Ligand SMILES: Cc1cc2nc3c(=O)[nH]c(=O)nc-3n(C[C@H](O)[C@H](O)[C@H](O)COP(=O)(O)O)c2cc1C
């Protein structure tokens, strides 16, 4: 049941969406998921994303529930490097991979229902709206997770940096430094340094 996994009707939740690229390699990207009901979701994808190309080709994707802060940053910000390797995924019931380390996942069949253009401070973008029907839900790690502010800070930073915004960078890094395990924060810091932004 999607609602038991936090996909409440009317809410937007952040998932790592995994798909197969045309060469069979796995692709991962954070995406907002709009929940219409227990078996129905909506994705709004920017034209030009690999996720949209892969779903258009394969007709499916997996929505992964994960609290992996580094993965949110990497999969939002790395365009051409693989964010996940073959060994980190398995095939779901559909032709889309799931993250073996995820807490749970939902595999969806998806198709574009409409598209529109959006003009905002970031310029003009073209959005495809996809409707997804849930075909498989699996809980891989059945224990509850205590929320950690460092994870939410990482998600906010991933959004900011993917939009070229850096105003909150130091504040968000401070939260991550204070609340994430030291090793995790070091990995994030190293990754951000490697971006050379
Ligand atoms: C938390 C979060 C939510 C995001 N939601 C969306 C979204 O709903 N639609 C979208 O097109 N991009 C979204 N993005 C941006 C994509 O993740 C980013 O453009 C990514 O590089 C796309 O990767 P891909 O080309 O492998 O699909 C989001 C980023 C973050 C960090």
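Assorted remarks:
- Residue within region 45-52 that is over 11 Å from the mean Cα position of the chain (by Cα), crowded, with 21+ Cβ neighbours inside 10 Å and in a strand (DSSP E or B) present: yes
- Pair list, Cβ < 8 Å and 6+ apart or interchain, from region 74-87 residues that are not assigned by TED's automatic domain parsing to the domain that holds residue 155 to residues that are assigned to a loop (DSSP other than H, G, I, E, B) and near the ligand (Cβ under 9 Å from one of its atoms): 74/83; 75/83
- Taking the criterion of being surrounded by 23 or more Cβ atoms within 10 Å (Cβ to Cβ) and either more than 12 Å from the chain's Cα centre (by Cα) or more than 18 Å from residue 80 (Cβ to Cβ) (or both), the only residue of region 21-30 that qualifies is 26.
- If you go through region 44-81 and pick out every residue that is more than 10 Å from the ligand (Cβ to nearest atom) and modelled with pLDDT under 95, you end up with 1.
- Residue 111 being under 17 Å from residue 136 (Cα atoms), touching a residue at least 12 places away in the same chain (Cβ under 8 Å), surrounded by fewer than 16 Cβ atoms within 10 Å (Cβ to Cβ) and out of contact with any helix residue (DSSP H, G or I) (no Cβ under 9 Å at 6 or more places or on another chain): no
- The one condition from (1) away from the ligand (no atom under 15 Å from the Cβ); (2) free of Cβ contacts under 8 Å to residues at least 12 places away in the same chain; (3) within 17 Å of the chain's Cα centre (by Cα) that residue 147 does not meet is (3).
The values are calculated or read from the model by the stated rules, or taken from the named source; none is laboratory data. All values reported here derive from a predicted model rather than from experimental measurement. All Cβ positions, even for glycine, are placed from backbone atoms using ideal geometry, and neighbour counts span all protein chains on display.
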